[in-house]
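Every number here is computed from the coordinates shown, using simple stated rules; none is lab data. Computed from a prediction, not measured in an experiment: that's the story for all the values here. Here the Cβ positions follow ideal geometry from the backbone for every residue, glycine too, while neighbour counts run over all protein chains shown.
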Amino acid sequence: MYKTYKNCQSCGMPLKKDEKGGGTNADGSKNAMFCSRCYEKGQFKQPNMTVSDMQVLVKNKLKEFGFPGFIAGFFTKGIPKLERWKGH
């Protein structure tokens, strides 16, 4: 069965906020699991990134958008539970 995700399973961004409508698979079709900032043409844009790297990146991005640090930190707590990071 095909599962739909509300959030990118790499960075946690709500997929409905992705201006490109999601990442792309190798064949050019839309990927319903990852956003366009994380995933393109069937691969991760930053394949060597660790889960803690992603948490720092997302936290800093949220702060840029004006979220207080503690809120940004709260939003990044769930990143290790996303599909990309399970088993890491």
Checklist entry - Can you list residues whose amide H is under 5 Å from Asn7's amide H, if they're 5+ apart or on another chain and H is modeled 1.01 Å from N? => result Leu15
Checklist entry - Do any chymotrypsin sites (Phe, Trp or Tyr not before Pro) in segment 33-88 lie in a DSSP loop with no more than 13 other beta carbon atoms within 10 Å, and if so, which? => result Phe65
Checklist outcome for this item: Residues whose modelled amide H sits under 5 Å from the amide H of Glu40, counting only those 5 or more places away in sequence or on another chain, are Thr24, Lys45
Checklist entry - Taking 0.36 nm per intervening residue step and subtracting the Cα-Cα distance, what contour gain separates Thr4 from Ser52 on full extension? => result 14.8 nm
Checklist outcome for this item: Rounded to the nearest 0.05, FRET efficiency between Lys86 and Glu19 (Cβ-Cβ, R0 25 Å) equals 0.40
Checklist outcome for this item: Within segment 1-65, DSSP-loop trypsin sites (Lys or Arg not before Pro) with at most 12 other C-beta atoms within 10 Å are Lys3, Lys6, Lys20, Lys41
Checklist outcome for this item: Placing +1 on each Lys and Arg Cβ and -1 on each Asp and Glu Cβ in the chain, then taking the dipole about the Cα centre, the residue among Ser29, Ala72, Met54 whose Cα reaches farthest towards the positive end is Ala72
Item to check | Gap separating the Cα centres of segment 66-88 and segment 14-36, nearest whole Å | outcome: 20 Å
Next on the checklist: Can you compute the helix-only [θ] at 222 nm over the chain? Use -39500 (n - 2.57) per DSSP H run of at least 4 residues, normalise by all residues, nearest 500 deg cm²/dmol.
Outcome noted: -7500 deg cm²/dmol
Next on the checklist: I need to check one value: relative contact order of segment 1-83, counting alpha carbon pairs closer than 8 Å and at least 6 residues apart, in percent.
Outcome noted: 26 percent
Checklist entry - What is the dipole size for the chain, taken about its Cα centre, with +1 at each Lys and Arg Cβ and -1 at each Asp and Glu Cβ, in debye to the nearest 20? => result 200 debye
Next on the checklist: Strictly over 21 Å apart at the Cα level, which of Lys20/Lys81; Lys6/Lys59; Lys17/Lys59; Lys30/Lys61; Lys20/Lys61; Lys16/Lys59 would you flag in this model?
Outcome noted: Lys20/Lys81; Lys30/Lys61
Checklist outcome for this item: Any lysines whose Cα falls less than 16 Å from that of Lys63, other than same-chain ones fewer than 8 residues away, would be Lys77
